[in-house]
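Notes follow the structure.
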Amino acid sequence: MNMNVKTEFKYVGTRPIRPDGPDKVTGRARYGADLNVQGMIYGHIVRSPHAHAKIKSIDFSAACKLPGVLATMSADDLPEPGDRKIPGGEVEMALKTFSPVVMARKKVLYHGQAVAAVAATSPELAAEAARLVKVEYEVLPHIMDMHAAARADAPLLHDDVYTQGVDPAPTTPSNIPTQIEISTGDISKGFAEADLVVERTYFVPMCHQGYIEPHACVVQTDENGKVDIWCSTQGAFMVRTLTAAVTGIDIGRFKVTASEIGGGFGGKTTVYLEPVAVVLSLKSGRPVKMVMSRDDVFRATGPAAAAETRVKIGVTRDGRITAIETDILMDCGAYTSHPIMAGVLFNSACYRCENVRSFGREVLTNKPRVYAYRAPGIPQPVVAVECVVNEIAERLNMDPIDFRLLNAVDEGDVMAIGIPFQAIGLKQVLQEAKAHPHYTAELKAGQGRGVAVAFWINAGMQSSATINVSEDGSVNILTGNPDIGGSRASMALMAAEVLGIPVETIRPSVVDTDSVGFCDVTGGSRTTLATGGAVIKAAETLVKELRKRAAAIWSLDIEEVDWTGGMAVAKSGTGLENMNREDAATRGDKTLTLADLAARAGATGGPLCAVASHNAHNAAPSFALNICDAQVDRETGKVDILRYTCVQDAGKAIHPAYVEGQMQGGAVQGIGWALNEEYIFNEQGRLDNPGFLDYRIPVASDLPMIDTVIVEVPNPLHPYGVRGVGEVPIAPPMPAVVTAVNRAAGTRLCHLPLSPPKLLAAIEAAEAGTA
Amino acid sequence: MQSQRKTHVSTTVNGEPREFLCEPHQVLSDVLRNTLNLTGTKEGCNTGDCGACSVLLDGTLVCSCLVLAAEVEGKGVVTVEGIGEEGKLHPIQQKLLEHAGLQCGICTPGIVIASRALLEKNPDPSETEVRYWLAGNLCRCTGYDKIIRAVLDAGAVMRGQ
Ligand code: FES
Ligand code: FES
């Protein structure tokens, strides 16, 4: 179903200043915690001091005695989740896997889990009241180690989790909710054909998305029972769906407005505070504001899964991959969430290989439930695959990019899951990287270079858009996708392209759930592709309407009217494709601008508006490559990233500056995950580093400039060739950094993060000849 | 818990005289945001680790989440709302926009304030100097590249280059 993909653009591909930018640099833009309303009170969550315990009783009586405490709540105020399934963007979710994350029911499964909440007239009073809530627990043994949790005799977190993906279905519960395996060809034959087989195991720790804005919301209810939610989220419609499900209140009663969002990266694709604030607001009859502390954010939201991946790759002497086997054990925290799927399906999707076996299990432990973090499930196994690929290239004495070019997938190749690739840009990405001056720049002693590539599938899903034309011909675009990284600018560019009017005359907004049709979350790298697709569709509908109006004014048939250069033009038999406004005017052709038609809208049929509803089935994969140069201080184990380059296929970069921004931001997150970031739990199962001082994300002085090269191999299924760019950037950095560091230090560390003490120990061991 | 008496504070915020009442334990970021409605100053941690709450206190760069509100008696506070003139952005703000030096924008007010303090002290900083100066302002979205370029470029504009 290849369509005509546009390749010549007037506005798309330029770099206008984003329309929401001026409000963000002056402090006017309003984020989750920036709303205060009259009569507002403050909610506070009571959190579990234990990593695993039964909740025996909750006593609010002392808290309620404090003057100014106006409402309390617990899971008793929410419906039992039972086996209800809630339709989600990509997969449906069982209510019982996220309702207890909002408010624990009968049991707590991680330290910091919400067990109750109170609302009072000041934040201090609410905190004081929360301390007075008496919760009686029966402490149970907690399991933090995923290997221990995976054992058959391990204490169970849930008595109703039976491993899915095993035939026959197990009859006893376990801590392994999901097992999945895919295979093609004959794996033993593949290894038998190999001249060299390398097998290694890599560990990647649990980490947090680390958005700077903590979760926040304000909930107001009106006299008709309508519930108004203002919150920081990646999806207002998702908040509506999930809050309705958790509270048992009809969806029709909610209106959700997404504030400006201070980062999400997948971590704001669920609800934590909103259902609690709804119940507290309904019980107190007052607007309720809730804001998480940074400590709460680290302990009780996100994180991304930890994983251990064993990978075994076989190659012939001349560098052809004959077999790839992966085995992943993924720590998903206390409730099932399925990041293992992508990890198993796509960890070696960059390579053409006839014999593939990929196996994975999810394990539940007494840690917070994991949520998406940019390309969820992929970075963890990709570290293992890419580091082994680098080792193989080195042992074969081949250039690592040449080795990848020899084995890279291309159009027509079939993925291990049986889906054939359409046009893809992996080879172009590899070639661009090889030609980049960074790749051949000289390294000094004590420095190392690593490269790595990665694949991500990208999502489509549902979106809507509305376009309204004002009386003066200016244009408003309404969509429902929170703008995390410049998407309003992209929407305006795409609409400008279709309408042929300057991008500055277009005002794009993100509106509430009552004001536009349904939109799935801003996630899955889908907004530019799918919501942009809806905007293009709505703009095309509007153009047709504008031609119709002009035709009516001129008493012509619509086929005799074209839309070009932002105006309707009566066809006069001349070569229309070569025409621009000046030509038309000088030739004396009849023209009507958008402003002309807007002024006469009443007389020609009423206001000019267009709506599009869109279910995008045209997502296409992205590939990204990173080159990293690192230097290691052999005295301290400190790593310096000296130079860094990202190459990525964007399909079509609608606003290139924000595509570069995604590449740079994802790369730096990956650098942090490789070198520093990890959740450290103590004996009691408590997170020991729940703040930015001890959970250290990269700061400006840790980094060099991050060079970017955008490759554009158009997605053949999208009118503008868009693929989606937001997620794949986090997959190549870890293996690129790990390879560079190990080369610089002469070590072979496979256990991330490569923090200074670990690296120092490895260097000392290597020097002593024991490694 | 709550004290009986609030403290009365007279101060100057963005050049305007302001008075407010605060609890003795209340921090400046809280008062700016929730009493004076200047929500441009952000809070990402309240422990002095993220820099989102950066303001200038008598010209010195501080984390407003670490300053007691009562301490600003008689002093001058500059927040992001006080940078640039009506209808005309400060070069740092303009360059952040031109370089796409913000994605989500939650760190941006802090970056604007911190960079202004830097360029005032050191009108021609090197890339390394900008990086070390901004090391207390966390940005999770951009990888800092475009922020650093914007600040260097703003410095050039302010030097009249
Ligand atoms: S809120 Fe003050 S430093 Fe983070
Ligand atoms: S732009 Fe999001 S934290 Fe800096």
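The values are calculated or read from the model by the stated rules, or taken from the named source; none is laboratory data. Note that this is a predicted model, so its numbers are computed, not measured. Ideal geometry is used to build each Cβ from the backbone, glycine not excepted, and the neighbour counts take in all protein chains shown. In case anyone asks, the SASA skips ligands and DNA or RNA and just uses the protein heavy atoms, side chains included. Shrake-Rupley method; radii C 1.70, N 1.55, O 1.52, S 1.80 Å.
Descriptive notes on the structure:
- B:Ser29 accessible area, 1.4 Å probe, all protein chains in place, Å² to nearest 10: 0 Å²
- Placing unit charges on the Cβ atoms only, positive for Lys and Arg and negative for Asp and Glu, gives the protein assembly as shown a dipole magnitude near 840 debye about its Cα centre.
- Note on the stretch A:592-704: dipole from Cβ charges, positive end direction compared against A:Ala610, A:Ala599, A:His655; the farthest Cα belongs to A:Ala599.
- From most to least packed by mean Cβ count within 10 Å, the peptides A:688-700, A:727-739, A:369-381 give A:727-739, A:369-381, A:688-700.
- When only the Cβ of Lys, Arg, Asp and Glu is charged (+1, +1, -1, -1), the dipole of the stretch A:118-204 relative to its Cα centre reaches about 200 debye.
- Between the residues B:Val67, B:Val13, B:Gln26, the greatest Cα displacement towards the positive end of the dipole of the stretch B:7-82, with unit charges on the Cβ of Lys, Arg, Asp and Glu, is found for B:Val13.
- Relative contact order of the stretch B:7-82, defined on C-alpha pairs under 8 angstrom at six or more residues apart (%): 40 percent
- Three-way shape call for the stretch A:193-309 based on the alpha-carbon gyration tensor, with the a/c threshold at 1.5: prolate
- Spin-label model distance (nm) - A:Ala603 vs A:Glu442, 7 Å beyond Cα toward Cβ: 7.6 nm
- Listed residue pairs exceeding 26 Å between alpha carbons, taken from B:Lys42/B:Lys75; A:Lys255/B:Lys95; A:Lys427/B:Lys146; A:Lys134/A:Lys367; A:Lys85/A:Lys107; A:Lys226/A:Lys544: A:Lys255/B:Lys95; A:Lys427/B:Lys146; A:Lys226/A:Lys544
- Taking every residue in A:661-670 and counting other chain Cβ atoms within 10 Å of its Cβ, the average works out to 5.
- Rounded to the nearest 20 debye, dipole of the stretch B:7-82 from Cβ charges on Lys, Arg, Asp, Glu: 120 debye
- Taken residue by residue and averaged, Cβ atoms of other chains lying within 10 Å of the Cβ of B:24-37 number 1.
- Probe 1.4 Å, accessible area per residue of the protein assembly as shown, Å²: 36 Å²
- The modelled label-to-label distance for the pair A:Arg395/A:Glu181, using points 7 Å beyond Cα in the direction of Cβ, is 2.5 nm.
- In this simple spin-label approximation, A:Glu559 and A:Lys758 carry label points 7 Å from Cα along the Cα→Cβ vector, and these lie 6.9 nm apart.
- Shape of chain A, Cα gyration tensor, a/c cut at 1.5: oblate
- Look at the alpha carbon pairs under 8 Å that are at least 6 residues apart: their mean separation over the length of chain A gives a relative contact order of 16 percent.
- Electrostatic tally near A:Val453: other residues with Cβ closer than 10 Å to its Cβ, Lys and Arg +1, Asp and Glu -1, net 0.
- Rounded percent of accessible protein surface that carbon and sulfur make up, chain A, 1.4 Å probe: 49 percent
- In the A-B interface, the accessible area buried, summed over both sides, Å² (probe 1.4 Å): 4200 Å²
- Among the residues of A:683-694, the average count of other protein chain beta-carbon atoms within 10 Å of the residue beta-carbon is 2.
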